[in-house]
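Student: My structure is below; once you've seen it, I'll send some questions.
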Amino acid sequence: MAPQNGQLDNRIDIVTPENIAFHYQVAGPFRRLPAYLVDLMIRIGLSVVSMIVLVICFAAVHLPDVGAGGGMICYFVIAWFYGGLFETFWNGQTPGKRLMDIRVLSVDGQPINGVQAVMRNLLRVIDGYGFYLVGLIVASMNNRFQRLGDLACGTMVVIEEPKWFHGVVRITEPAAIQLAAQIPAGFVVDRRLARGLAGYVQRRGNFAWPRRLEIARHLSEPLLARLPLPPTTDPDLLLAALYHRTFIADHEDGQSPWGDAVTQSPFMAGAKP
Amino acid sequence: MKVSELLETRWTNWRELDRLCTVLQGRWGKAVRAEMVTRMAALYRGACADLALADAYQLPPGTIDYLHRLVGKAHNQLYRSRKFAYASWLEELLVTVPQRLFNDNYLRLAFCIFWGMFLLTAGLAYHQPGFAERVWSKEMLMHLDESFAQPLEQHGISGEMIGFYIGHNGGIGLECFAAGLLLGVGGLYITATNAVQLGAFFGFMARSTHRENFFHFVTAHGPLELTAIVLSAAAGMRLGFSLIDTKGMTRSASLRAAVDQTLPVAIAAMLMFFLAAMIEAFLSPSPAPYPVKVLVATVSAGALAFYFVILGYPRRE
């Protein structure tokens, strides 16, 4: 079920105690940096606003220095504990992380606890040496992209973005539907072939005609050797026909039962589900 | 059953689960209605079952990817981050931490390094004029010396200073702690640098004509503040050396065990910094008679001794 290229896609497999297996995609620097910058802006803004508000409030009772002291305490707390507190009480997210759809989790997929959240943010200082060079080097040396603070606390940052829903693609070409009817009923499409077909048909709309032929021929040639079809059959159409027969052949009225999902697919220029 | 029919029946459920997750995410601490929770649990179980059977159902790869994300998202809404265990904090701070620190070689090491370097450089700066100028720049020393030229009555008590002291000293302590993770060397470096700078300054001031004002200022908060630096350095070293001496565990497991043990120590150090900053801002600059300040220093040193020795003395079960 899980594709073989997990390492390439930064994919981490999780098995929960209830024996549910699923995977996460680990967040890399290009997602974590914007989240960090957003948080940095918020931190600076909060520090400045709290300083101004406190000074003005205490100046009203003729104690401006107390206000400035309070502002400095606020600055200290925000600088060192902003991330830790947000991640504890916001379920592993800071405002920046929520904006970028990423979340901090334990490496075993469990939610983090307060100690982990605070510690990984205190240890941010050393990751930050040399404009985060230390963190970047350490993170690029392990497959969960953990910086030093993450390694020490056993945490990782995963992407939790809602994915586009890919349903079944509707085959519109009448030629493909006709071809599907010619495929013998006894021909069994096994799981691996079905996966390959779906992978191709979902993307074929993005390819130019010669490219489609080039890709489809690798599969259509061995298939044509096994099927009683003329050897001149169009490779692209053959794969589309097989796809149609495997996933949607029962509905030959041309009206896809899957209309809603098809319009949601990004390839059909739909709205986000 | 054809895949398209199956998807048709499931799709509404998945989309409802996705929507419920978004609602739960943005609830800002408001209570959730019970029927929503039970509905979500049922939908989550359904989605998990669909994902587990995705291969048997021959779902397209894109749908499987979608399901992985959906189940992950729902999992993170069902199982939420555990907050701090406040109830156990007092016991941790007053029983576990001193017991652990009593036998802590890192604390002894940090103590020896900090005080050794401090006394050494203080002695050098006192006996060799010109030594302090090698540690600090001449202008900096002149400026610091100037600031003690006035008797303390002129300074007055400033609310601004407490914030400055907490932020500045707490920051040094936390950095000392975090830098320990660099195999302990970073912590050693920051501890030694601070000890040398402080020692040179103390030695320099002891020769200065303003030394009475200076000692008037530093006596009261000295014990707490210097102990807090030693404590955070020791906690940092424990982190760093856990990577070298793993006691038979893997390096990452050893580091993780050290993290759980050192955060309470770092928090104890933060509390000491906080107390020290209170004294530094309110008592130290005040014109209170010197014996009062000595008394405060003695009491805080006694309290520290009580914490480390009496509370920390190994108990027989």
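The values are calculated or read from the model by the stated rules, or taken from the named source; none is laboratory data. Note that the structure is a prediction, hence the values are computed from the model and not measured. When we count neighbours, we look across all protein chains shown, and the Cβ atoms used for this are built from the backbone with ideal geometry, even at glycine.
Student: From the list B:ALA56, B:ALA34, pick out the single residue that is exposed (fewer than 14 other Cβ atoms within 10 Å of the Cβ) and over 30 Å from A:PHE86 (Cα atoms).
Tutor: B:ALA56
Student: On to the next question. Just one of the numbered conditions (1) more than 7 Å from chain A (Cβ to nearest Cβ); (2) touching a Lys or Arg at 6+ places or on another chain (Cβ under 9 Å) is not true of B:GLY199; which one?
Tutor: (2)
Student: How about segment A:114-145: which of its residues are assigned to a loop (DSSP other than H, G, I, E, B) and either touching a residue at least 12 places away in the same chain (Cβ under 8 Å) or touching an Asp or Glu at 6+ places or on another chain (Cβ under 8 Å) (or both)?
Tutor: Of everything in segment A:114-145, those that are assigned to a loop (DSSP other than H, G, I, E, B) and either touching a residue at least 12 places away in the same chain (Cβ under 8 Å) or touching an Asp or Glu at 6+ places or on another chain (Cβ under 8 Å) (or both) turn out to be A:LEU123, A:ASN143, A:ARG144, A:PHE145.
Student: Do we have B:LEU188 as surrounded by 19 or more Cβ atoms within 10 Å (Cβ to Cβ), under 22 Å from the mean Cα position of the chain (by Cα) and farther than 12 Å from B:ALA233 by Cα here?
Tutor: Considered against the rule, which asks whether it is surrounded by 19 or more Cβ atoms within 10 Å (Cβ to Cβ), under 22 Å from the mean Cα position of the chain (by Cα) and farther than 12 Å from B:ALA233 by Cα, B:LEU188 comes out as no.
Student: Among (1) modelled with pLDDT of 85 or more; (2) in contact with a Phe, Trp or Tyr (Cβ under 8 Å, 6 or more places away or on another chain); (3) surrounded by fewer than 20 Cβ atoms within 10 Å (Cβ to Cβ), where does B:CYS112 come up short?
Tutor: Answer for B:CYS112: the failing condition is (2).
Student: Look at segment B:86-109 and say how many of its residues are within 14 Å of chain A (Cβ to nearest Cβ), loosely packed, with under 12 Cβ neighbours inside 10 Å and hydrophobic (A, V, I, L, M, F, W, C).
Tutor: Residues that pass the stated criteria total 1.
Student: Could I ask something else about it? Can you list residue pairs whose Cβ atoms sit under 8 Å apart, with the first residue in segment B:165-186 being at negative phi and the second being small (Gly, Ala, Ser) and not in a helix (DSSP H, G or I)? Count only pairs 6 or more apart in sequence or on different chains.
Tutor: So the pair list comes out as B:GLY186/B:GLY180.
Student: Working carefully through the options B:ALA195, B:ALA235, B:ALA206, find the one that is over 27 Å from B:PRO151 (Cα atoms), in contact with a helix residue (DSSP H, G or I) (Cβ under 7 Å, 6 or more places away or on another chain) and either in contact (Cβ under 8 Å) with a residue 60 or more places away in the chain or buried (at least 24 other Cβ atoms within 10 Å of the Cβ) (or both).
Tutor: B:ALA235
Student: Exactly one condition in (1) surrounded by fewer than 23 Cβ atoms within 10 Å (Cβ to Cβ); (2) touching a residue at least 40 places away in the same chain (Cβ under 8 Å) is false for A:PHE165; which is it?
Tutor: (1)
Student: Taking segment B:53-83, which residues are at the interface with chain A (Cβ under 7 Å from one of its Cβ atoms), closer than 19 Å to B:ALA41 by Cβ and among the hydrophobic types (A, V, I, L, M, F, W, C)?
Tutor: Listed by number, the list holds a single entry, B:VAL71.
Student: Would segment B:256-278 turn up any residue that is more than 20 Å from the chain's Cα centre (by Cα), surrounded by fewer than 17 Cβ atoms within 10 Å (Cβ to Cβ) and without any contact (Cβ under 8 Å) to a residue 12 or more places away in the chain?
Tutor: No.
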